[in-house]
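Step one of this worksheet: look at the structure below.
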Amino acid sequence: MITTANRLQGIDALKGVAIALVVIGHVIQYRALNGDFFSHTYTFIYLFHMPLFFFISGININMKHYSGVSFRKNIRRLSIPWIFWSAFVFLFSLNRAAEFNSFESLFYLYWFFPVLIICHVIIFLSVWVSQFVRLNLSFPVASGVTFGFLYQSDYLFSLTAFHFVFMTAGIYSKTLYSMLPLSEGVIADWRAIVVILAMFFLAYWIFDGLFSNALDRLVFSMPLLLLLGFFCCQPAFKSFEWIESLGRYSLEIYTTHIAVIFLLKPFLDVGGVPAFVDFLLSSLILCLVTFIIVRGVKSLRVGEFIYGK
C-alpha cells in the first residue's frame, strides 16, 4: 500500500528520470544529431516527458488540503524562476543572432511555467467550488470542460488542456495505486523504470509513425505514466541517490540548463568522436555544469529569489 511518508523517494527518482530525459532531448535538438537512433529517441522522449512532469505534479497534490496558502506557494515557486530565467535568456540573446531574442520565442522556450500555473489555478478554483457543492464533482467537470472546450483554441490553452488531463490522472492515480499493492516477486526499484521505458521505446520503434497527433500521444503516454507511477509510489522503491538528487532539483535544473545551453553551446560540440560518444559527453557536460550552478546558487542568499523557494 502507498504511504505518504515513504512515497517521496520513488517520486524524486521519477522526477530525476524525467529531467534527465529533458536534458537528453535538448542535447539531441540543439546539437542537431542525426541518425535513426537519435531521431527515434528524440521523438519518443517528446511523446511523454512533459506529460510526466504534470502527472507527477498531480500525484503530489492533496486535494483535501489544497488551501490558499498552498496555491500561493505554488504560484510563487513557478512564477519567480520563470520571470528571472526568461529575462536572463532574453538579455543574453540581445544583439546576437540568437534563437530566443523575442518575447514570443521566450514563451515557447518556457511554456511549462504558464501552463502549470494555469493548471494550479483550475485546481484551486475546483477546490473552492467544491465547498459549495455537496457532491465533489467540480474537479472532474473542470478537467472535462478544459479539455473539451479549450483544446482546439490557441497555443497556450491547447497545451494547458492536454497536460491538465495528465495532472488529473496523477491526482486520481493515488486512489488506484492504494488498491494495488505490489507482490514480493515484483521489482520495485530503478530497474522497473528501465524495463518499462525499454518496453515502450521498443513499441514506439515498431509502430513508428502512428503517434502523429495529440490523441495518439494521450493513448500512448497514459499507460506508460500510470505504470511508472505505480512502481515509483511503492514504499519499498529503491534507486540511486544521484537520481533522487536530480529529482529534488528538477525545477531548478529545468530552468537553468536552458541558459547553460546558450552559454556553453560552443563547448558542447565535442567533435572528432563518434556521434554516440559526442551525445554522451555533451549530455554529461550539460548535466554536471547545470547541477553545479544550481547547487552553488541555492547556497547563496539570492538562491531563494532566483528559484522562488
Q. For segment 222-243, what are the residues that are closer than 29 Å to ILE293 by Cβ, surrounded by fewer than 22 Cβ atoms within 10 Å (Cβ to Cβ) and within 17 Å of the chain's Cα centre (by Cα)?
A. ILE243
Q. Within segment 20-29, can you find the residues that are in contact with a helix residue (DSSP H, G or I) (Cβ under 6 Å, 6 or more places away or on another chain) and free of Cβ contacts under 8 Å to residues at least 40 places away in the same chain?
A. LEU21, GLY25
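Per-residue answers, yes or no, for (1) more than 23 Å from ALA188 (Cα to Cα); (2) charged (D, E, K, R); (3) within 17 Å of the chain's Cα centre (by Cα); (4) in a helix (DSSP H, G or I):
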{"site": "PHE220", "(1), (2), (3), (4)": "no, no, yes, yes"}
{"site": "SER245", "(1), (2), (3), (4)": "no, no, yes, yes"}
{"site": "VAL260", "(1), (2), (3), (4)": "yes, no, no, yes"}
{"site": "VAL277", "(1), (2), (3), (4)": "yes, no, no, yes"}
{"site": "SER283", "(1), (2), (3), (4)": "yes, no, no, yes"}
{"site": "ILE293", "(1), (2), (3), (4)": "yes, no, no, yes"}
{"site": "ARG301", "(1), (2), (3), (4)": "yes, yes, no, no"}
Q | Considering residues of segment 74-108 that are among the aliphatic types (A, V, I, L, M) and under 28 Å from GLY58 (Cα atoms) only, the residue modelled with the lowest pLDDT | A | LEU106
Q | segment 30-55, subset in contact (Cβ under 8 Å) with a residue 60 or more places away in the chain and outside any helix (DSSP H, G or I), residue surrounded by the most Cβ atoms within 10 Å (Cβ to Cβ) | A | LEU33
(Q) Give all pairs with beta carbons closer than 6 Å in which a residue from segment 115-135 that is modelled with pLDDT of 85 or more and of a type outside the set (A, V, I, L, M, F, W, C) meets a residue that is buried (at least 17 other Cβ atoms within 10 Å of the Cβ) and not in a loop (DSSP other than H, G, I, E, B); count only pairs at least 6 apart in sequence or on separate chains. (A) HIS120/ASN74
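The values are calculated or read from the model by the stated rules, or taken from the named source; none is laboratory data. Since we're looking at a predicted model, the values are computed, not measured. Cβ coordinates were reconstructed from backbone atoms using ideal geometry, including for glycine residues, and neighbour counts include every protein chain displayed.
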